[in-house]
1. Along the three principal axes, how long is chain A when you take its alpha carbons, biggest first, rounded to the nearest angstrom?
2. Give, as a single signed number, the net charge of other residues whose beta carbon lies under 12 Å from the beta carbon of residue A:2, with Lys and Arg counted +1 and Asp and Glu -1.
3. I need the calculated FRET efficiency for the pair residue B:203 and residue B:522, taking r as the beta carbon distance and R₀ as 56 Å, to the nearest 0.05.
4. What is the spin-label model distance, in nm, from residue B:750 to residue B:439 if the labels are put 7 Å beyond Cα along the C-beta direction?
5. Could you tally the net charge around residue B:309, taking each other residue with its Cβ under 13 Å from the Cβ of residue B:309, Lys/Arg +1 and Asp/Glu -1?
6. Please report the relative contact order for chain B, taking Cα pairs under 8 Å with a sequence separation of at least 6, and give it as a percent rounded to a whole number.
7. Once every DSSP H run of n ≥ 4 in chain B is given -39500 (n - 2.57) and the sum is divided by its residues, what mean residue ellipticity at 222 nm do you get, rounded to the nearest 500 deg cm²/dmol?
8. Modelling each spin label as a point 7 Å along the Cα-to-Cβ direction, I'd like the residue B:530/residue B:682 distance in nm, to one decimal.
Amino acid sequence: MDLIFTVAVGLLFAASLYLILHRHLFKLIVGLMIFGLASNLYVFAIGRLTREKSAIIPSDAEIALEPFADPVPQALILTAIVIGFGLQAFAIVLVKRLYQVAGTDDIDELNNTDKIDSTEK
Amino acid sequence: MLYTILAGLILAFAAPLLYRLLGRFISVPMVVLPAVLFAYFCTFISPVVAGQLVMQEYSWIPSLGINLQFMLDGLGLFFALLITSFGVLVMAYAGAYLKGDSHLGRFYLYLTLFMTAMLGVVLSSNILCLLVFWELTSISSYLLISYKHKYEVSRASALQALLITNGGGLCLMAGLILLGIAGDSFSFIELLQQRPDLLNHSFYLPIVLLIMLGAFTKSAQFPFHVWLPNAMAAPTPVSAYLHSATMVKAGVYLLARFSPMLGGTEVWNYTIMAVGATTAVVGAFLALQQLDLKAILAYTTISALGSLVTLIGIGSTFALEAMLVFLLAHALYKGALFMIAGTVDHATGTRDTTKLHLLGKRMPLLSAAAVLSALSMAGMIPFFGFLGKELLYEGAFEAPRFAVPLTAAIVFSGIAFVAVAVRLGYGIFFRKSANEATHIAHKPETFLWLPPLLLGIAGLVFGILPNITVAPILSAAAGAVAGSEVHLHLALWHGFNPILMLTILTIILGIVFYAFTNIFTTWPVHLERLYKIGPGELYYTLKNSLSIGSKGFIESVQSGSLRYYVAVIIMTFIVLVVGAIWQEELYRVVTPDTFIAALSDIELNEYILILLMVPATIFVCLTNSRLIAITTMSLVGYAIALSYIFFGAPDLAATQFLVETLTAVLFVLVLHKLPPFVPLVKYKTNAFYLSLSVLFGATMAYVLVMVRQFPLDSELKAYFGATSWLEAKGRNIVNVILVDYRAFDTMGEITVLAIAVIGIFSLLKLYPEKGDQL
């Protein structure tokens with residue numbers, strides 16, 4: 001089971017960087033999202049994997065008995081997913097607005113504010 | 001002694017306020033402080049002359065060995081008296097010179113700050129403490145030179161002085177730190193006792209060279225002298241105080257201070273000698289060519305500093321005595337002459353010697369001061385300058401080696417001094433000329449002529465009665481430099497000896513040089529080409545190429561391309577991680593067996609994850625359709641959610657499903673109007689990006705495998721498992737952590753989401769009016 005996560009983490013990180021390095025804003029956002037997914041998976045895998053047993057105390061017990069999944073990475077990841085979603089939603093809307101305003105989604109055309117200033121003045 | 005420094009600092013920073021309260025009477029407290037300090041230091045004369053060493057210590061940063069250690073020996077006391085006595089005169093003079101200036105308070109702030117810093121330099125016996133005060137003198141000098149900050153030339157000159165002296169200050173810092181490491185102490189006294197070890201230490205050469213650089217830049221030695229003439233852009237009181245009498249002598253002080261610790265070796269003596277003699281000649285040669293009063297004085301100051309440094313380089317006890325006598329003589333007449341030049345400038349509005357004629361009759365007291373100082377500068381009997389010059393010649397003449405070239409250099413400097421002295425004391429005041437007497441706009445008030453007159457009289461009195469006035473303290477100072485007891489006996493008459501012959505020769509040649517002043521001031525046109533490669537031009541070339549070079553460097557590094565930055569960050573990351581793995585030999589942890597064991601451990605349902613994720617990820621990267629990209633990305637997200645289910649994280653899975661769905665909907669709703677993808681990246685760049693990405697992914701995967709070979713010791717897991725139900729009354733531990741143990745965190749998270757919602761709403765609903773700036 002470790003191997004699956006290793007492959008998945010490597011693949012997702014590679015794909016996300018590849019997308020980030022592209023000039024399209026849309027691909028940049030997709031890349032960042034995949035980067036988030038990969039990071040979550042990474043933390044999850046580093047916190048050790050347990051099949052089936054989740055971090056829930058059975059109704060007939062007072063404390064959780066081993067083996068059970070480590071709740072700490074899960075709590076961290078849960079926060080990360082939700083925050084990540086807020087970020088994604090904002091980024092998506094921002095790209096839309098940027099496209100409306102600037103008329104392009106090519107990052108390289110957006111990187112020189114000085115030029116815009118000098119042409120206007 | 002700490003209180004003298006503190007008093008100076010407090011009064012310095014109170015000066016602007018005092019100026020507001022007292023108006024033009026601000027001079028009173030500013031003059032009283034150095035006067036009080038002078039009196040205070042006078043009380044130390046008898047114990048110090050008797051050979052006592054006054055020490056005071058206050059802890060400052062004891063953990064770093066930096067303590068406020070003060071020491072008052074002959075040398076320190078001599079300088080302290082010089083600084084405070086000149087302080088009194090200059091403060092009084094400045095009040096009259098800058099009368100009515102709206103920033104006089106600020107001026108006094110800088111000047112008093114400088115005085116305090118300079119006192120700190122000569123009183124410190126902790127070498128790092130010395131360095132701090134040393135830098136403070138450079139900074140106050142910068143502020144004073146740029147006092148007339150509305151003029152570009154003032155700002156450029158101030159910057160030049162700062163860059164050169166602070167560059168030297170950095171060298172000095174390195175030298176002093178090395179010295180501290182070599183001697184295992186920052187206390188001057190302790191280091192002094194380790195002289196034999198220091199001389200044989202492998203750091204000796206760098207220490208000596210770095211300390212010399214610090215001293216040479218500060219004392220305007222060739223080729224660092226260029227800043228001093230330009231520093232004349234400062235108001236004249238500053239030139240008189242900092243740039244002739246005290247600050248530029250800090251370098252001389254430093255060399256003298258370290259002589260008993262580091263001196264006496266060939267590299268020390270010969271380097272200092274050579275630099276000093278060169279400076280003496282260059283300064284004298286350039287002084288002859290100047291027309292501006294202050295420029296003449298500046299170059300002769302450089303020459304005099306060169307002579308002083310030469311004497312330290314010679315290093316014999318006699319040369320060191322001569323150095324101190326000449327230093328005092330020079331301070332007296334040069335300080336006075338600077339003030340006179342300032343007063344002339346103030347009265348007539350010009351400093352050009354060709355426009356100044358016959359000032360003597362209408363400014364009798366000022367001309368008296370000028371004559372006294374000029375006679376001292378020329379080295380006439382019975383002035384103190386005569387004593388200084390005699391000893392200077394004798395010191396060079398009796399140098400153990402290179403006596404002939406050194407004497408020649410010093411005598412040349414002396415001849416130039418005579419010529420300049422005649423110009424200043426006679427030329428502009430009394431010389432009969434076809435031109436009309438220069439118009440005097442307003443007669444100088446008392447404090448514009450009194451301080452230089454006092455200095456001139458002091459030069460006369462010290463010359464006639466040296467042994468009952470200055471000899472004891474000079475002996476104590478020389479003793480501190482030489483490291484042995486010195487009894488100085490000064491006398492005007494030494495009989496007919498070669499030195500007297502040299503003096504007479506100097507005076508005759510000096511007058512001849514004066515007669516040919518015109519040739520010296522017009523002829524240098526032919527030297528233009530030489531000056532073009534001189535240190536003055538070199539400074540500007542260096543400064544300009546530095547700014548051009550840094551601009552080019554910034555432009556090449558800061559390309560402004562997001563992808564470039566990301567690529568650099570990732571490459572750095574990979575290099576660091578691989579480097580760390582290599583260095584710690586962590587790669588030994590992962591063996592092929594690790595993978596084989598892991599492969600056999602996969603259950604059937606888990607293959608589904610791989611089957612879903614791998615093609616979907618590849619599709620995301622390759623597709624040119626936005627919709628396909630969104631769909632396949634969601635597929636990846638769902639696959640991950642599935643894996644959360646498989647490995648005991650139902651909450652994560654639920655959230656992930658929800659978020660993926662929402663994101664996909666949002667994407668489709670918002671982004672359907674964007675243009676289609678067109679390939680924007682070149683094939684070659686694309687290959688580079690692809691390989692970098694694969695490398696990055698492989699690195700992350702490898703780190704994951706590696707980390708998992710080490711045991712995880714999680715006390716938190718056990719803690720939450722044991723307390724979740726009993727203390728927080730919740731069976732789902734993850735939920736309990738979020739809403740109970742880390743409730744504040746979750747509240748912050750909710751706030752972030754709320755802010756995101758506000759941002760999204762405003763982006764969607766608010767549009768700029770037509771014509772609004774973006």
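The values are calculated or read from the model by the stated rules, or taken from the named source; none is laboratory data. If you're wondering where the values come from, they're calculated on a predicted model, not measured in any experiment. Here Cβ is always computed from backbone atoms with ideal geometry, including for glycine, and neighbour counts include all displayed protein chains. To get the accessible areas, we keep the full protein, side chains included, count just its heavy atoms, and leave off ligands, DNA and RNA. Shrake-Rupley method; radii C 1.70, N 1.55, O 1.52, S 1.80 Å.
1. 74, 29, 18
2. Taking every Cβ under 12 Å from that of residue A:2, the sum is +1.
3. Values: r = 51 Å, r/R0 = 0.90.
The calculated FRET efficiency here is 0.65.
4. Spacing of the two 7 Å Cα→Cβ label points: 8.5 nm.
5. Values: positive: B:218, B:249; negative: none.
Neighbour charge sum, excluding residue B:309 itself: +2.
6. Details: 1050 pairs, mean separation 74.7, N = 774.
Worked out over chain B, it gives 10 percent.
7. Numbers: 35 runs with 559 residues, N = 774.
Helix contribution divided over all residues of chain B: -24000 deg cm²/dmol.
8. Label-label distance for residue B:530 and residue B:682, simple model: 5.5 nm.
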